[in-house]
Amino acid sequence: MKSITRMTCVAAAAMAVALAFAGCSTDAPKSSKEDEEPEESAIEESEEEPSVTAGSSAAPAMVTLEYNIVPAGSSEGTDDRGYYVFETPEDDLPYKLVIAAGEFSTGGYDIEITDVMYDGTELTVTVKETSPADTDMVTEAFTYPCCAVELGILPDEITVVSESGQEFECLDVSLDGGEIEDGWLCVLEDGAGEIMRKTYVYENADGTYKYINVESTTTSWGASTWNDVVKGSGTADTRDDVVAAAEDFGSCGFVLLPNDYQTVYTIEEFTAAKAF
């Protein structure tokens, strides 16, 4: 400790001499904690960006969206280009977002999800679309490529955009469980070939109506098996309002009754409440 003290005194004396030659006061510089600039802490408080793991998308506000990219069946495609959302029976991922590329006259077309981002309010899904090359061998049949993602919550806003910057239109959001309920009064249908559009009509106790729009797709021409996908639902005060909704959906062609698919009724018979 004595050697350290002597070294300190020598250093102070040398500094005093230097200051004297410079015309400055020979007083030794004061050193105190009050005069020192406060040192910045090595640990700064900051909001860390939340990590995003596979199957989830997190925003800076720590709002997390659980999701799962899943294959979409051919029956979930549609001839319209856009996306639709419906509820599923799953408890952890109760919503499904299906993105459809539209109708194509041959195979070889595809669409896949490449990015899922969620900022706590808006969900942005980016998709990649591919087309067959001129030299590719493709099937000579109408195809309806689509992709899907299951969601843990239903975001306030949804944006679907291709990698080229084209935004997809919202076709429908159905929150009725994604299935056809029993007890329907009749069904309005129209379509041809591999796709039929149907509007199932239910009569409420107060005389109003509920309807569920369904798109039915068969795997090939003439096949007896059809896959039904709910595309929307709503309520109507009158039968004319039901017809207007069916016209918008494309199912306003003819009418069938439950357990009787042989007798075909007209739309006029439905609005006049004849036979049902």
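Observations, loosely collected:
- Scanning the range 69-100 for residues that are within 15 Å of the chain's Cα centre (by Cα) and among the small types (Gly, Ala, Ser) yields 72, 82, 100.
- One residue stands out in the range 71-94 among those that are of a type outside the set (A, V, I, L, M, F, W, C) and buried (at least 21 other Cβ atoms within 10 Å of the Cβ): the one that is modelled with the highest pLDDT, namely 83.
- Candidates 234, 222, filtered to the one that is within 20 Å of residue 86 (Cβ to Cβ) and either modelled with pLDDT under 95 or in contact with a helix residue (DSSP H, G or I) (Cβ under 9 Å, 6 or more places away or on another chain) (or both): 234
- Candidate set: the range 119-175, residues that are among the aromatic types (Phe, Trp, Tyr) and either at pLDDT 95 or above or closer than 14 Å to residue 82 by Cα (or both); chosen: the one nearest to the chain's Cα centre (by Cα): 168
- Screening the candidates 92, 134, 119, 110 for the property of being free of Cβ contacts under 8 Å to residues at least 12 places away in the same chain and of a type outside the set (Gly, Ala, Ser) yields one hit, 134.
- Meets criteria (in contact (Cβ under 8 Å) with a residue 40 or more places away in the chain, within 17 Å of residue 76 (Cα to Cα) and either buried (at least 19 other Cβ atoms within 10 Å of the Cβ) or not assigned by TED's automatic domain parsing to the domain that holds residue 89 (or both)) for residue 144: yes
The values are calculated or read from the model by the stated rules, or taken from the named source; none is laboratory data. Predicted, not measured: the structure shown is a model, and the values here were computed from it. Note that each Cβ is placed from the backbone with ideal geometry, even for glycine, and that neighbours are counted across all protein chains shown.
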